[in-house]
Amino acid sequence: MNALRNFMDKIKPYFEKGGKLEKLHSVYDGFETFLFVPTTTAPKYGSHIHDPVDTKRTMSTVIVALVPALLFGMYNVGYQHYLAIGQDVNFWTEFLFGFLAVLPYIVVSYAVGLGIEFIGAQIKGEEIQEGFLVTGFLIPLIIPINTPLWMVAVATAFAVIFAKEVFGGTGMNIFNVALVARAFLFFGYPTHMSGDSVWIRTGTALGFGGGNVVDAFSGATPLGQIATASTSVPHITDTFGHSLGFWDGFVGLIPGSVGETSIIAIMLGAFILLITEVASWKTMLSVFFGGALMGIVFNLFGPDTAAAHFPWYNHLVFGGFAFGAVFMATDPVTSARTEKGKWIYGLLIGCLAIIIRVLNPGYAEGMMLAILLMNIFAPLIDFYVVDANVKKRISRAQKSIQ
Amino acid sequence: MTNVIKTTKGLDIPIDGAAQKMIERTVISDIVALVPDYYHGIIPKVLVRAGDRVKAGTPVFHDKIHENLNIVSPVSGKVLAVNRGEKRKLINITIERDVVNEYENFGHPSLESLSGEEIKSALLKAGIWPYIKQRPYDVIANPNKTPKSIFISSFDTAPLAPDYNFILKGQFADFQTGIDALAKLTPGKVHLGVKANVPSNEFLKVKNVEITEYEGPHPIGNVGIQINHVDPINKGEVVWTVNVQDMLYIGRFFNKGIIDLKKIIALTGPEVIEPKYYTTLPGTAVAPFINGNVHKGIPLRYILGNVISGIKVDINDFIDPYASQIFVIDEGTEIHEFLGWAMPRLNKFSATKLFFTPLLQKKFFKKIFGDIKFSYDARILGGRRAIIMSNEYDRVLPMDILPEYLFKAMITGNIDKMEALGGYEIAPEDVALCEFVCTSKLPLQLIVREALDMMKKELE
């Protein structure tokens, strides 16, 4: 390690003010702090020792928590592909196909997002912030596998610039950045984001795994089928017309956005986030509670549509509900920040997501819009929690005057 | 039975180097210095010149705003120099001390016959007033205001804090006199915070006070936390606070009629070879405590006060009159930790669940691995960011305050919000743990200090 340290020290002057590579200072800085813990010491007044936790560690924990969903997503992409083209291949071939199909999205998302972050940091003369490491990982997981790469690039750029950098960077944003990218795609390129043909890669992945789609194949997601159902019976099927139930949604070998399908993989992630206390269990639990509650309400009193009759427990395992609850709603920056507020915030996300799913057939999936909408209201919820504390203080003061 | 207040909010940081319970010797340097910067908020007007003779208790400078507020010499001797820096800012006043201390005569006033006003003017004149502090703003008490109550915490829960039951052994008579004097300065009560479940706690025998017992991790020993639980400060109210050892100055003044600022401080910290207690005087040089008793070969940081809210000083500096502790830790500038954010870092103590610390401190693992020795240094171990994680500060601040919102009001300089969110009740030391645990590495104590100064300037 000493050799590396010496090398970093040797090239440092090039990146400092007046050096040849001055314009790449924040890049150098980013790599240096990535490789070595900075030797910045505490100021004269204040705490002279600090907890070893930093944003790098927190953010990388979230990424670790996302890995099961990513790996399962890759496998599922391959699985669905070979199912669609009617070839029987082994596990590793399926995984390899999925890997090759998903990898370009990860590369594009990181290249575009980090590129903008680096430039932004250089312009502002600040350190590179870690927030995008999570965002860049989330984006490939919440899009259909057939989204053109250039769209992902445009959406990522839009989200990073207009949902984050203009507000001041990580920690200052109002909306969940990855969801803004998703919303941008959803409203900008609707034909590529919904329908029956976007969820399963029927073509090749980087030239690998070609074949022809077999007859009787339909690539609609369960929620898509519900939203467009012609009867009021909530019957969902897989790509070949076999019925799907709760446990199919739980395991997740069904069409859908890359990372959202498997509850098992998401639960692994949730476990990591909860034991490390990076995500709030209050938010997570209350989203599920709100979703279940609203699902039951519609089951009992809802209109006579397929979506309203869709069993409440199925709402929780199909579509992006669980993924959103675990990884999106718990984003500490855009969620409610007070402990009481987290309960209300989560509950409303759960309720709204189901309301949108059931009452608006135009949007088969309500989770994205529910979270974005509650992102707006999170500060308002916090305002009332904080105001209660303020009022208590005022009434205490008035009592002491009397 | 006294009241017992319990809390689980807070954090005890396990750090090595607690002082053994023995007083090593008396350390008073030949040259002592009075540093105006240590008396926060005082605008000094120097009253002596180089070459003047002073006694213990002779005023050396006073406050330009409250001219009767003297800061006095702790020793008798000859004024060596009045040192000034840029823009004639007063750096310090050095005094070469006599071998035998001569004391200024204050005529041995008898406490029973004095009124509150007379006690006040005596304390102001004798230079004991700076040891009485006030909330709001955590500054030296404004002598023109009457406090609604006075708080003293008899225990310190900060890392490796000195044990006041040990320090005060044989001095409880002076402590009691101090209490009796303060009781005349407020129409309200004098509150004494006592640590619960301490066998034969002498502080429980103190009279003329309202005793409350406290149980919980640091910062429950902080007087600010105790005020918030017992008698919170509202807008327009003032509460005074005095440190345990500073109570002795008041007691000695009325018992003996002299200014005797002797105090005991603990030399502590992982880089001290033999951590011990020393008798000393405010203004003594730092070096004589350190020399030969610290580990060599690494850059060291000397801290007056405790490790999470003290002041970093140079070895050539002088003891802060408010400090009861000198702390020595590794500065850390020569440590180059490779990929630190991703490593297990078993030797680091963290309040989060992102390290193995919480696991290793469980009984089961302690049996297998033994007591883990955590290493500490002065690096902030990360980069400064905007506030990202929520509920971090709340867990270590046992006050009825929403810290994140108060800090945001302070950062943005919004005085109305500071007022509404508890700005009157907080002091920098109360948020020391918030600063320790902060993922975003914000200098919260500096933020609070500057905000309080701004509030004071705007609202008084």
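The values are calculated or read from the model by the stated rules, or taken from the named source; none is laboratory data. These figures come from a predicted structure and were not determined experimentally. Positions of Cβ are generated from backbone atoms using ideal geometry, with glycine treated the same way; all protein chains shown enter the neighbour counts.
The table that follows gives values for the structure above.
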read-out	value
Selection count, the range B:401-424, where residues are at the interface with chain A (Cβ under 7 Å from one of its Cβ atoms) and part of a helix (DSSP H, G or I)	4
Matching residues, the range B:115-135, being over 17 Å from B:Asp63 (Cα atoms) and buried (at least 24 other Cβ atoms within 10 Å of the Cβ)	B:Arg135
Neighbours by Cβ (under 9 Å, 6+ apart or cross-chain): first from the range B:54-68, on the phi < 0 side of the Ramachandran plot and outside the structural domain of B:Ile128 (by TED's automatic domain parsing); second of a type in the set (Phe, Trp, Tyr) and part of a strand (DSSP E or B)	B:Lys55/B:Tyr103; B:Ala56/B:Tyr103
Within the range B:157-182, considering residues that are part of a loop (DSSP other than H, G, I, E, B) and free of Cβ contacts under 8 Å to residues at least 40 places away in the same chain, the one surrounded by the fewest Cβ atoms within 10 Å (Cβ to Cβ)	B:Gly170
Any chance B:Ser149 is within 14 Å of B:Ile233 (Cβ to Cβ), in contact (Cβ under 8 Å) with a residue 40 or more places away in the chain, surrounded by 19 or more Cβ atoms within 10 Å (Cβ to Cβ) and of a type in the set (Gly, Ala, Ser)	yes
Condition met for B:Glu334 (surrounded by 21 or more Cβ atoms within 10 Å (Cβ to Cβ) and not assigned by TED's automatic domain parsing to the domain that holds B:Thr58)	no
Of all residues making up the range B:301-320, the number that are surrounded by fewer than 21 Cβ atoms within 10 Å (Cβ to Cβ) and more than 9 Å from chain A (Cβ to nearest Cβ)	4
A:Phe289 at pLDDT 95 or above and either at negative phi or touching a Phe, Trp or Tyr at 6+ places or on another chain (Cβ under 6 Å) (or both)	yes
Qualifying residue in the range A:264-272 (condition: among the aliphatic types (A, V, I, L, M) and within 14 Å of chain B (Cβ to nearest Cβ))	yes
Residue within the range B:335-347 that is touching an Asp or Glu at 6+ places or on another chain (Cβ under 8 Å), more than 7 Å from chain A (Cβ to nearest Cβ) and without any contact (Cβ under 8 Å) to a residue 40 or more places away in the chain present	yes
The range B:425-438, subset among the hydrophobic types (A, V, I, L, M, F, W, C) and either at the interface with chain A (Cβ under 10 Å from one of its Cβ atoms) or under 26 Å from B:Phe349 (Cα atoms) (or both), residue surrounded by the most Cβ atoms within 10 Å (Cβ to Cβ)	B:Val431
Count - residues of the range B:114-156 that are assigned to a loop (DSSP other than H, G, I, E, B) and farther than 13 Å from B:Val244 by Cβ	15
Flag if B:Val100 is among the hydrophobic types (A, V, I, L, M, F, W, C), in a loop (DSSP other than H, G, I, E, B), touching a strand residue (DSSP E or B) at 6+ places or on another chain (Cβ under 8 Å) and within 17 Å of B:Ile259 (Cα to Cα)	no
Filter pass, B:Pro398 being more than 7 Å from chain A (Cβ to nearest Cβ) and without any contact (Cβ under 8 Å) to a residue 40 or more places away in the chain	no
Strands (runs of 3 or more DSSP E) enclosed by the range B:238-298 - at least 3 residues per element that are in the same structural domain as B:Ser153 (by TED's automatic domain parsing) and either modelled with pLDDT of 95 or more or surrounded by fewer than 22 Cβ atoms within 10 Å (Cβ to Cβ) (or both)	B:239-242
Leading residue by the ranking (surrounded by the most Cβ atoms within 10 Å (Cβ to Cβ)) among those in the range B:185-237 that are in contact (Cβ under 8 Å) with a residue 60 or more places away in the chain and small (Gly, Ala, Ser)	B:Gly224
Filter pass, A:Val233 being part of a loop (DSSP other than H, G, I, E, B) and surrounded by 19 or more Cβ atoms within 10 Å (Cβ to Cβ)	no
Long-range neighbours under 8 Å by Cβ, at least six apart or interchain, first residue more than 14 Å from every other protein chain (Cβ to nearest Cβ) within the range B:11-22, second part of a loop (DSSP other than H, G, I, E, B) and among the acidic types (Asp, Glu)	B:Gln20/B:Glu274; B:Lys21/B:Asp163
Positions within the range B:30-76 being among the acidic types (Asp, Glu) and either assigned to a strand (DSSP E or B) or crowded, with 21+ Cβ neighbours inside 10 Å (or both), in sequence order	B:Asp63
Those residues of the range A:7-31 which are free of Cβ contacts under 8 Å to residues at least 24 places away in the same chain and closer than 24 Å to A:Glu130 by Cβ, in sequence order	A:Phe7, A:Asp9, A:Ile11, A:Lys12, A:Phe15, A:Glu16, A:Leu21, A:Glu22, A:Tyr28, A:Phe31
Tally, over the range B:348-373, of residues that are among the aromatic types (Phe, Trp, Tyr) and facing chain A (nearest Cβ under 10 Å)	2
Any hit, the range B:375-387, residues being outside any helix (DSSP H, G or I), surrounded by 20 or more Cβ atoms within 10 Å (Cβ to Cβ), within 9 Å of chain A (Cβ to nearest Cβ) and acidic (Asp, Glu)	yes
1 or more residues among the charged types (D, E, K, R), away from chain B (no Cβ under 14 Å) and touching a residue at least 12 places away in the same chain (Cβ under 8 Å): qualifying helices (runs of 4 or more DSSP H) within the range A:292-402	A:339-359
Tally, over the range A:2-47, of residues that are in a loop (DSSP other than H, G, I, E, B), more than 7 Å from chain B (Cβ to nearest Cβ), touching a helix residue (DSSP H, G or I) at 6+ places or on another chain (Cβ under 6 Å) and not hydrophobic (A, V, I, L, M, F, W, C)	2
Matching residues, the range B:439-458, being at negative phi and either within 16 Å of the chain's Cα centre (by Cα) or facing chain A (nearest Cβ under 8 Å) (or both)	B:Thr439, B:Ser440, B:Pro443, B:Leu444, B:Gln445, B:Leu446, B:Val448, B:Arg449
Yes/no for A:Pro144 being in contact (Cβ under 8 Å) with a residue 24 or more places away in the chain, part of a loop (DSSP other than H, G, I, E, B) and in contact with a Ser or Thr (Cβ under 8 Å, 6 or more places away or on another chain)	yes
Selection from the range A:48-80 of residues that are within 7 Å of chain B (Cβ to nearest Cβ) and either β-branched (Val, Ile, Thr) or in contact (Cβ under 8 Å) with a residue 60 or more places away in the chain (or both)	A:Ile49, A:Val53, A:Thr55, A:Lys56, A:Thr58, A:Ser60, A:Thr61
